[in-house]
Amino acid sequence: MTSSPATPRALADRYVDAVCDLDPIVATSLGTRPGEDRLPDFSPEGLAAEAELDRRTLAGLDALPADDDPVERRCARLLRERLSAQVDAHDAGEGLRQLSNLFSPVHSVRQVFSLMPTATDDDWAVVGRRMARIPEAYRGFTAALREGARRGLLVAPRQVRTVVGQLDEWLAGPYFGTFAAGAPDRLSAELRTAAAAADEAVAEVRDY
């Protein structure tokens with residue numbers, strides 16, 4: 001059995017590792033897990049899992065003994081502030097209307113591919129596996145938006161129109177099809193298939 005963290009920084013380290021389990025895009029952006037090919041669960045269930053992690057970590061922070069180290073105290077203060085804000089946002093249902101022209105699951109799914117290496121065949125194989133997961137990720141996202149609409153948690157019309165315009169531009173490429181065109185010959189068919197499904201998923205989000 002893994003022992004409980006003894007300090008705020010140890011707890012924070014464990015939290016980051018758990019976040020990377022739930023949100024593989026974070027792991028890729030941090031460079032902590034080479035070869036990561038998963039995408040987050042953007043559905044209401046995935047959002048609930050993230051909130052539960054935040055609550056569990058806050059409880060762990062409350063259980064830690066007082067620490068005289070100023071660095072540890074600062075870490076505890078920052079961790080508590082961030083986790084509390086995230087729990088409040090979840091309880092308000094903000095994750096169920098997370099759509100904007102800059103920061104939303106729609107964009108993070110696309111942007112993660114620009115962070116992934118493509119120097120070798122193995123790199124491209126990872127890209128292909130992750131690209132094949134895009135339809136599932138976007139279905140989870142639209143499920144969250146649908147639940148938000150059911151609760152009366154709606155996105156501002158201007159944001160919606162802007163994102164629809166962006167998705168039109170992506171599809172004009174099409175973005176994932178163009179990205180996959182750089183794959184090596186032996187993986188070309190696999191990448192083209194994954195990219196076609198990914199671009200179709202983009203169209204489904206736009207239409208929704």
**Fill in**
Within region 36-74, the count of residues that are modelled with pLDDT under 95 and either among the polar types (S, T, N, Q) or closer than 14 Å to H90 by Cβ (or both) comes to 0
**Unmet criterion (only one of (1) in a helix (DSSP H, G or I); (2) in contact (Cβ under 8 Å) with a residue 12 or more places away in the chain; (3) closer than 30 Å to P34 by Cβ) for T118** = (1)
**Fill in**
Okay, helices (runs of 4 or more DSSP H) sitting entirely in region 126-208 with 3 or more residues that are of a type in the set (A, V, I, L, M), I get 134-150, 157-172, 185-207
**Prompt:** Taking region 138-170 as the search range and keeping residues that are of a type in the set (A, V, I, L, M, F, W, C) and more than 14 Å from R97 (Cβ to Cβ), which one is surrounded by the fewest Cβ atoms within 10 Å (Cβ to Cβ)?
**Reply:** V164
**Request:** Can you give me the number of residues within region 107-137 that are open to solvent by less than 20 Å² (accessible area, probe 1.4 Å), touching a helix residue (DSSP H, G or I) at 6+ places or on another chain (Cβ under 6 Å) and within 22 Å of R158 (Cα to Cα)?
**Result:** 1
**Request:** Could you list all residues from region 163-193 that are hydrophobic (A, V, I, L, M, F, W, C) and farther than 16 Å from D207 by Cα?
**Result:** F176, F179, A180, A181, A183, L187, A189, L191
**Message:** Given the options D91, D199, name the one that is loosely packed, with under 13 Cβ neighbours inside 10 Å, modelled with pLDDT of 95 or more and closer than 21 Å to F42 by Cα.
**Reply:** D91
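The values are calculated or read from the model by the stated rules, or taken from the named source; none is laboratory data. Just so we're clear, the structure is a prediction, and the values are computed from it rather than from any experiment. Because the Cβ atoms are built from the backbone with ideal geometry, glycine has one as well, and the counts that use them run over all protein chains shown. The accessibility values were calculated without ligands, DNA or RNA, using every heavy atom of the protein model including side chains. Shrake-Rupley method; radii C 1.70, N 1.55, O 1.52, S 1.80 Å.
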